[in-house]
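Trainee: For reference, the structure I am asking about is given below.
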Amino acid sequence: MRLPTSSFLLVAAVTLLQISTAFAQSSAYFRNQVPVAGPIPVPGSGKQIDYVGDKFEDPEWSFVHNMPKSSREQNERTYGPLAYSKNRRWSEGPERGQPDSLMIIPTPPNGLPGSEQALQITTMHSGVPGEQSFDVQQDDLILNVSTRLGSSVRASEMPSCVVRLYLPHPDIWENRTGPHFGMRLGVRTTAQKPRQGLFSIGTSLQNEPYWPGIWVHFRSKTSPGIDQDSVLLKVRANALGHDFPVKKIPAEQFGWWTFGMSVSPDGRIHYFARQGVDDLTPSDLMVSQKPYGYEAERVTSFFFNICNRNDGRTWSTPFAIDDPQFFVVDSARIDQIVERKVQYQMRKAQAKTATTR
């Protein structure tokens, strides 16, 4: 049976729209995908550097909150001394300050085998201390890398980081569509930048820090145009410095997820995620990028952001993390650094014991 001309045109238009939508989605992916020119280190490859990272199983684990928190990014104020964990593996971020609550909790169901405890991260008073901005602000929790090792880690050594993140039931999220949590790397490169100073002209090569990461965005069904709760993972950033979406997680898949980021010798950043707590594999790669067009030269930190509406009364979503780990493929130099530090600490402890006898 021949369709009427109007019906044929309608079917053709719908088909064309579907093809155009699919093409646009695939184009968006490839537009933000950097061509792979060499091996991609899967986060967790190489040797785990136990000197960096945490398991949260120590019954004496605690965090020293030195308030007020720093807010250098907002008002150029760094309130010292900075907060820190008693095991000296964590510290407050000087740019935006520490989360208000860091609590050891029983590991949520289906966590890592053998894990009994995880760290719950929440905040209320983000932003400038004592002020309510009534917009989304964030706090930082820094897992010390260069400050603990006494050295940054070169991109040629292929560093990576891995964490298990628990996405709680949708009903207990802060009811806000937007960014709630970030997993980030502190990275440095050498970039051509304008010279600073009143009479400075031209440009020069300068040390440039930047902070690529994976952002967890909540999409609340109470927001206009959204039918179901879900999470949208966004990557920071493409070559222009823009965040872009890479993966949608429906509410029925909330629970434990494994996130990872790695750096390859050519300066690319690679972003991974998989449901559950199993180790990451090559198939878990979401995207590879050179954020801001930069080629990473070295890694200085691994940290987490927690976000909320800074209104003085709304708590952020209660996220739990477990076993944040740091790895290096070419680990010979880092192994030597750690060995020297461990030996020094042993000698210091022995000397202290001898003086107390």
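The values are calculated or read from the model by the stated rules, or taken from the named source; none is laboratory data. What you are looking at is a predicted structure, and each value in this text was computed from that prediction instead of being measured. As a convention, Cβ positions derive from the backbone with ideal geometry for all residues, glycine included, and neighbour counts pool all protein chains shown.
Trainee: For the list (1) outside any loop (DSSP other than H, G, I, E, B); (2) crowded, with 20+ Cβ neighbours inside 10 Å; (3) not β-branched (Val, Ile, Thr), I need the number of the one condition that Arg188 fails.
Mentor: (2)
Trainee: Please find, within region 255-292, the residue that is farthest from Pro113 (Cα to Cα) out of those that are of a type in the set (Phe, Trp, Tyr) and under 16 Å from the mean Cα position of the chain (by Cα). Give the derivation first.
Mentor: Step one: filter region 255-292 for residues of a type in the set (Phe, Trp, Tyr), giving 256-257, 259, 271-272, 292.
Then drop every residue that is not under 16 Å from the mean Cα position of the chain (by Cα), which leaves 256-257, 259, 271-272.
Values: Trp256: 12, Trp257: 14, Phe259: 17, Tyr271: 24, Phe272: 21 Å.
Among them, the one singled out is Tyr271.
Trainee: Could you please tell me which pairs satisfy a Cβ distance under 8 Å, a separation of 6+ or placement on different chains, a first residue in region 78-94 that is more than 18 Å from Gly127 (Cα to Cα) and modelled with pLDDT of 95 or more, and a second residue that is part of a loop (DSSP other than H, G, I, E, B) and among the small types (Gly, Ala, Ser)?
Mentor: Qualifying pairs under 8 Å: Ser85/Ser62; Lys86/Ser62.
Trainee: Can you pull out every residue in region 110-142 that is under 17 Å from Gly97 (Cα atoms), buried (at least 16 other Cβ atoms within 10 Å of the Cβ) and small (Gly, Ala, Ser)?
Mentor: Ser126, Gly127
Trainee: Still on this structure, I have one more. With the condition kept exactly as written, say whether any residue in region 161-171 is under 30 Å from Val299 (Cβ atoms), touching a Leu at 6+ places or on another chain (Cβ under 8 Å), among the basic types (Lys, Arg) and in contact (Cβ under 8 Å) with a residue 24 or more places away in the chain.
Mentor: Here is the first cut: in region 161-171, the ones under 30 Å from Val299 (Cβ atoms) are 161-168.
Next, from what is left, pick out any that are touching a Leu at 6+ places or on another chain (Cβ under 8 Å): 161-162, 164.
Next, from what is left, pick out any that are among the basic types (Lys, Arg): 164.
Applying the additional criterion that residues be in contact (Cβ under 8 Å) with a residue 24 or more places away in the chain yields 164.
Within region 161-171 (the criterion being under 30 Å from Val299 (Cβ atoms), touching a Leu at 6+ places or on another chain (Cβ under 8 Å), among the basic types (Lys, Arg) and in contact (Cβ under 8 Å) with a residue 24 or more places away in the chain), the answer is yes, since at least one residue qualifies.
Trainee: Please verify whether region 96-117 includes one or more residues that are within 20 Å of Gly53 (Cα to Cα) and of a type in the set (Lys, Arg).
Mentor: no
Trainee: Tally up the residues in region 299-320 that are assigned to a strand (DSSP E or B) and either more than 30 Å from Asp266 (Cα to Cα) or of a type in the set (Ser, Thr, Tyr) (or both), please. Spell out how you get there, then give the answer.
Mentor: As a first pass, look at region 299-320 and keep what is assigned to a strand (DSSP E or B): 299-309, 319-320.
So of that shortlist, the ones also either more than 30 Å from Asp266 (Cα to Cα) or of a type in the set (Ser, Thr, Tyr) (or both) come out as 300-301, 306-309, 319-320.
Final tally of qualifying residues: 8.
Trainee: Are there any strands (runs of 3 or more DSSP E) wholly within region 198-287 with 2 or more residues that are more than 18 Å from Phe302 (Cβ to Cβ), and if so which? Show your work before the answer.
Mentor: Values: elements: 203-210, 213-219, 230-236, 244-250, 256-263, 269-275.
The strands (runs of 3 or more DSSP E) meeting that bar are 203-210, 213-219, 230-236, 244-250, 269-275.
Trainee: If you go through region 211-218 one residue at a time, do you hit one that is more than 24 Å from Glu73 (Cα to Cα) and not hydroxyl-bearing (Ser, Thr, Tyr)? Steps first, answer last, please.
Mentor: To start, the set of residues in region 211-218 that are more than 24 Å from Glu73 (Cα to Cα) comprises 218.
Applying the additional criterion that residues be not hydroxyl-bearing (Ser, Thr, Tyr) yields 218.
Yes, that holds for at least one residue.
Condition check ((1) under 19 Å from Tyr271 (Cα atoms); (2) modelled with pLDDT under 95; (3) out of contact with any helix residue (DSSP H, G or I) (no Cβ under 8 Å at 6 or more places or on another chain)) across all residues:
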position	(1), (2), (3)
Gly225	no, no, yes
Val235	yes, no, yes
Ala239	yes, no, no
Ala251	no, no, no
Trp257	yes, no, yes
Gly260	yes, no, no
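Trainee: Which condition number in (1) surrounded by 16 or more Cβ atoms within 10 Å (Cβ to Cβ); (2) on the phi > 0 side of the Ramachandran plot is the one that Leu233 fails?
Mentor: Going through (1) surrounded by 16 or more Cβ atoms within 10 Å (Cβ to Cβ); (2) on the phi > 0 side of the Ramachandran plot one by one, Leu233 breaks only (2).
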